[in-house]
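Have a look at the structure below, then the notes.
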Amino acid sequence: MKLGLAIATAACAALGAVSAHAAGDAAAGHALARQWCTGCHVVDNTGQGQDMAPTFASIARRRAGDPTWVRAWLAAPHPSMPNFNLARQQVEDIVAYLQSLAPAK
């Protein structure tokens, strides 16, 4: 019984660590977007960046409510988008930034 309780406690602790890791940081996502994405996208209201691709604001309006889609897109981008090989935390940070741009519901 004690072994089962110990295993359950360890599993819950591990899940908590994964959840903490999965939480995105919108400020870090904004910094990543400004560093890597302005070659093609306008990423914030400063207007810096190129208009060769949708603005982050328009992506947020269309897709921020579907973080699974955004994660998949960043994991396997289309051919004209460079493959940045983003770490999982970087993806979560960009997702959090996009969600911060989405209009309130």
* To do: Output the qualifying pairs, or none if there are none: Cβ atoms under 6 angstrom, residues six or more apart or on different chains, first residue in the stretch 61-85 and in contact (Cβ under 8 Å) with a residue 12 or more places away in the chain, second residue of a type in the set (G, A, S).
  => A64/A102
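Residue by residue through the stretch 75-94, note down the ones that are assigned to a loop (DSSP other than H, G, I, E, B) and closer than 19 Å to G39 by Cβ. Write out each step before concluding.
Going through the stretch 75-94, the residues assigned to a loop (DSSP other than H, G, I, E, B) turn out to be 76-87.
Selection gives P77, H78, P79, S80, M81, P82, N83, F84, N85, L86.
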* Structure fact -> Inside the stretch 43-62, the number of residues satisfying the requirement of being surrounded by 13 or more Cβ atoms within 10 Å (Cβ to Cβ) and modelled with pLDDT under 85 is 1
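The values are calculated or read from the model by the stated rules, or taken from the named source; none is laboratory data. Source: prediction; values computed, not measured. Because the Cβ atoms are built from the backbone with ideal geometry, glycine has one as well, and the counts that use them run over all protein chains shown.
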